[in-house]
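Quick one: this structure, given as structure tokens, is what I'll be asking you about.
The values are calculated or read from the model by the stated rules, or taken from the named source; none is laboratory data. The structure presented is a predicted model; accordingly, all values stated were derived computationally and were not measured. In this analysis, Cβ positions are derived from the backbone assuming ideal geometry, glycine residues included, and neighbour counts consider all displayed protein chains. With ligands, DNA and RNA removed, areas are computed over all heavy atoms of the protein, side chains included. Shrake-Rupley method; radii C 1.70, N 1.55, O 1.52, S 1.80 Å.
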Amino acid sequence: MDLYSPLAATFRLGWRALSLDVRSTGHHHIPARGPAILASNHVGYLDFNFVALAPPKPRRQVRFLIRHDVYENKLVGAALHELRQIPVDVHGDPSSGLRHAEVALRDGEVVGIHPEGTISPSFVPRPGRTGAVRLAQATGAPIVPVAVWGSQRLLTKWRPRRLTRGIAVEVHYGEPFAPAPEADPSDATRELMMRIEALLTVAQARYPQQPGPPPDDWWVPSHLGGSAPTPSEVEVRLKEQAEERRRRALGGGFTL
């Protein structure tokens, strides 16, 4: 039994229960049929459901590449399994997840990916990894760049986990991007991230809600006058966190 539709409906019921103001633009750029890659920035744990479900019906099912350790939570892992999301070992060998994504694209499905590999707690896009571009080059699937903004105010890295009511979430989809098969994946990834950042700039400018004074402006990037950590501060902490996770994984004591 396909549980994607009822579980997706449950997510959207959650939006209504929280009185979320979810707005999408450019969703016509998602192909109506055939393979496609939705490549989004990453500011919060719930980004995948907004990117997949913000477009109006008919909307296509999206299979996101999601960190494998998220599946260790039994409830979340079961839901992601039923939603046919794709686990990927971002701290080890991601090739298995990419292989499953390639199969899905060759079957004409839509795959979602966060090129940054993890949430950016500065809320500024980090340098992208080449997986989205390499999938596009291998399958011929177009990449639709996506920017999501506001979701960090619900659930994000290094912040208390409490769902706030009445939050606005902007999801902007850009024109499809088809990297040439012979293009250098690193160069094409930089172009992809530039497209995502341009969409994000528009989403931030159109965002209908304003932050309060510090510390309530924690969700606004430092370059926009907010009190979010700077990208350089974030990179130091992420590096330390990744090293600790590797040590725990090697020692058999991996935890979130």
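Taking only the C-alpha atoms, wrap a convex hull around segment 160-233 and report its volume per residue in Å³ as a whole number. Before the final figure, lay out each step's value.
Numbers: hull volume 10.7 nm³, N = 74.
Hull volume over Cα atoms, normalised by residue count, gives 144 Å³.
If you don't mind, another one. Amide H of ARG67 versus every other amide H placed in the peptide plane: which residues, excluding those fewer than 5 positions away on the same chain, fall under 5 Å?
Result for ARG67 returns VAL88.
Would you mind classifying segment 117-256 by shape? Square roots of the alpha carbon gyration tensor eigenvalues, ordered a ≥ b ≥ c; an a/c under 1.5 is rounded, otherwise it is prolate if a/b is larger than b/c and oblate if not.
In terms of gyration-tensor shape, oblate.
Mind ranking 115-122, 148-155 by how tightly packed they are, going by the mean number of other C-beta atoms within 10 angstrom, highest first? Could the numbers behind the result be given before it?
Values: 115-122: 21.6, 148-155: 24.2.
Highest to lowest by the protection proxy: 148-155, 115-122.
In vacuo Debye scattering of segment 85-128, one point per C-alpha: log10 I(q)/I(0) at q = 0.29, 0.31 Å⁻¹?
For the requested q values the scattering log ratios are -1.05, -1.11.
May I pose another question? Can you give me the distance in nm between label points at TYR207 and ARG237, each placed 7 Å from the Cα along the Cα-to-Cβ direction?
Label at TYR207, label at ARG237, 1.7 nm between them.
Given +1 on the Cβ of Lys and Arg, -1 on the Cβ of Asp and Glu, and no further charges, what dipole in debye does the chain carry about its Cα centre, rounded to the nearest 20?
Dipole of the chain, to the nearest 20 debye: 740 debye.
Quick one: putting +1 on the C-beta of Lys and Arg, -1 on the C-beta of Asp and Glu, what dipole do you get for segment 1-81 around its Cα centre, in Debye to the nearest 20? Show your work: numbers first, answer last.
Numbers: 10 positive and 5 negative charges, 63 e Å.
With only Lys, Arg, Asp and Glu charged at Cβ, the dipole is about 300 debye.
In terms of modelled amide H atoms, which long-range or inter-chain residues lie less than 5 Å from the amide H of LEU38?
Answer set, sorted by chain and number: VAL111, GLY112, ILE113, VAL144.
List the lysines whose Cα lies under 24 Å from the Cα of LYS239, skipping any in the same chain that are fewer than 8 positions away.
List returned: LYS157.
Say R0 is 22 Å: what FRET efficiency, to the nearest 0.05, do ALA198 and ASP21 get from their beta-carbon distance?
Values: r = 23 Å, r/R0 = 1.04.
My answer for the efficiency is 0.45.
Now for a different question. Short version: ³J(HN,Hα) in whole Hz for each residue of segment 40-55, in order, from phi by Karplus 6.51 cos²θ - 1.76 cosθ + 1.60 (θ = phi - 60°), x for Gly and Pro, what are they?
Computed from phi, the couplings for segment 40-55 are 10, 5, 9, 10, x, 5, 9, 3, 4, 6, 6, 4, 7, 10, 5, x Hz.
Another question, then. Give the share of C-alpha pairs in each 10 angstrom bin for segment 46-132, from 0 to the last occupied bin, in whole percents, shortest bins first.
All Cα pairs considered, the percentages come to 16, 48, 33, 3.
Could you tell me the accessible area of THR10 in Å² (1.4 Å probe, neighbours in place), rounded to the nearest ten?
80 Å²
While we're looking at this one, here's another question. Provide the percentage of antiparallel DSSP beta bridges, counting only those with both residues in the chain; round to the nearest 5. Please report the intermediate quantities before stating the final value.
Numbers: 5 of 24 bridges.
Approximately 20 percent, going by the DSSP bridge assignments.
Give, rounded to the nearest 20 debye, the magnitude of the charge dipole that segment 119-236 has about its Cα centre when Lys and Arg contribute +1 at Cβ and Asp and Glu contribute -1 at Cβ.
On the way: 12 positive and 11 negative charges, 122 e Å.
In debye, rounded to 20, segment 119-236 gives about 580.
Given a 1.4 Å probe and the protein chains all in place, what does the accessible area of GLU197 round to, in Å² to the nearest 10?
Its heavy atoms expose roughly 80 Å² to the probe.
While we're on this one: If you find the alpha carbon centre of segment 69-89 and of segment 161-198, how far apart are they in angstrom?
Result: 23 Å between the Cα centres.
With a point put 7 Å past each Cα toward its Cβ, work out how far LEU163 is from SER96 in nm, to one decimal.
Here the answer is 3.1 nm between the modelled labels.
Then there is this: Hey, could you grab the Kirkwood Rh for the chain? Inverse mean 1/r over distinct alpha carbon pairs, Å, one decimal. Intermediate results must be reported in sequence, preceding the final value.
Numbers: mean 1/r = 0.0536 Å⁻¹.
Roughly 18.7 Å, rounded to one decimal.
How far is it, in nm, from the label point at SER186 to the one at ALA78 when both lie 7 Å from their Cα along the line to the Cβ?
Inter-label distance under the simple model: 4.5 nm.
Short version: ³J(HN,Hα) in whole Hz for each residue of segment 192-204, in order, from phi by Karplus 6.51 cos²θ - 1.76 cosθ + 1.60 (θ = phi - 60°), x for Gly and Pro, what are they?
For segment 192-204, the Karplus-derived couplings read 4, 5, 5, 5, 5, 5, 5, 5, 5, 4, 5, 4, 5 Hz, x marking Gly and Pro.
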